[in-house]
Amino acid sequence: MFFKSFSRVVMAATICGSLFAVLPTSQAQAGGAPHNNLTCAATTNFNVGSNGTLVIAVGEGDVITSTNLGDSTFAPLPGTTISLLPASYTVPAGITSVTINAIRTSPIVTCTVFTAPAGTTGSNDGTTSSNIGANSQTNATRTGVSNNTQNRLNNGGGNSASRNTIFLSTQNLPGAEGQLGQPEWNAWISAEGRGYSGGYDGHTADIVLGADRLVGDDLIVGALLAYGRTDIQNTTQQIQATSVALGAYFATRLQDDLFLDGFITFARPDYDIGVNSFTATRTSAALSLSGNYATSQLSVTPFAKLNGYREAQPAYGAVAANDITSFNASLGAKVEPLAPLPNGILPYISVAYDYGSRTSTARTATFTSPRLAAGFGA
């Protein structure tokens, strides 16, 4: 049998992030206390100390340079990627803090604050709030559409709940079955919330409503309505944004348990940044491919995801007009045995590779992030 439920891929990615997030880190230099939340401006030729830890609050465009690197590690947040400390790192949009753990050496670290070109002073807040709010709404919409795909075309359970997501559907209501064993029409709702801390503290909340029709037994087409709310703040001002998005989506079974789904939405998000208010224009889209391949002993669950958005912000206050484009791609797979071991444990290994690009009027930044995780279920 080819290809299983996409929900297991989502669970693997979540566990992957959790495993990296709880990896032990080195303690700070000789007294043990880490240097928490230094500003970028305050970090000049800073000696982290042997086995010390340094956390720097950063903004888009800031540059961190380090010497005497050794095997020291480096983790930008929000995120779960841990890598070797580079000699130079330019902070991309969406990253609000950086953690440096010294290992067998004492790195010397300097952070240079990004200075916006003339006419764009303060544009970091507009770019960052867009990255947080738009990515949150795009990811929440993708989660809802993909959950609905599994529910409609792959005999999903209908309703689900996790730490930060709830999905409800009319798919399995009594009497809903049609001539093909599935209801012709379906409605669903997905809700998601996230918290942020670091250079920007706050939260986002997203609700997505969808309704679709089954065309044949391998295709669904539908329309969706999404509402997103962003409330964050930095050391200087409060930032709020609301976004109502309208769009269309589809999902199709390519073969057996191989599924492709996608959506496109249009929104006019409203921003309040300090004393300034404005309305932007945003277009978002995503494609997801998921499935499962089984050998005689192993189950292989590959996945591929593409998502992005483009937003045009008008000039406000002393800030020039800003065009923002974000693109993310992920490719990976999870491998596990078909049957548990004699002790009931079901081990797995998951590998993935992420690529991202962030472009604003002020600058362009790209990043790559290989991921590796291993674990077990019972």
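For a quick check of understanding: with a 1.4 angstrom probe and all protein chains in place, what accessible area in square angstrom does Leu77 have, to the nearest ten?
60
What ³J(HN,Hα) values, in whole Hz, does the Karplus curve 6.51 cos²θ - 1.76 cosθ + 1.60 give for segment 84-100 when θ = phi - 60°, with x put for Gly and Pro?
5, 5, x, 5, 9, 9, 9, 6, x, 4, x, 8, 10, 7, 10, 10, 10
Using a cut-off of 12 Å between beta-carbons, work out the net charge of the residues near Glu311 (Lys and Arg +1, Asp and Glu -1, Glu311 not included).
In short, +3.
Report the net charge of residues surrounding Ile220, where surrounding means a beta-carbon distance below 11 angstrom and charges are Lys +1, Arg +1, Asp -1, Glu -1.
For residues surrounding Ile220, the net value is -2.
Enumerate the amide H contacts of Gly52 below 5 Å, restricted to partners 5 or more residues apart or on another chain; note that Pro and chain-start residues carry no placed amide H.
Gln29, Ala102
The values are calculated or read from the model by the stated rules, or taken from the named source; none is laboratory data. As the structure is a computational prediction, the values presented were derived from the model and not from experiment. Note: ideal-geometry Cβ built from the backbone for every residue, glycine included; neighbour counts use all protein chains shown. Areas reflect the complete protein model, heavy atoms only, side chains present, ligands, DNA and RNA absent. Shrake-Rupley method; radii C 1.70, N 1.55, O 1.52, S 1.80 Å.
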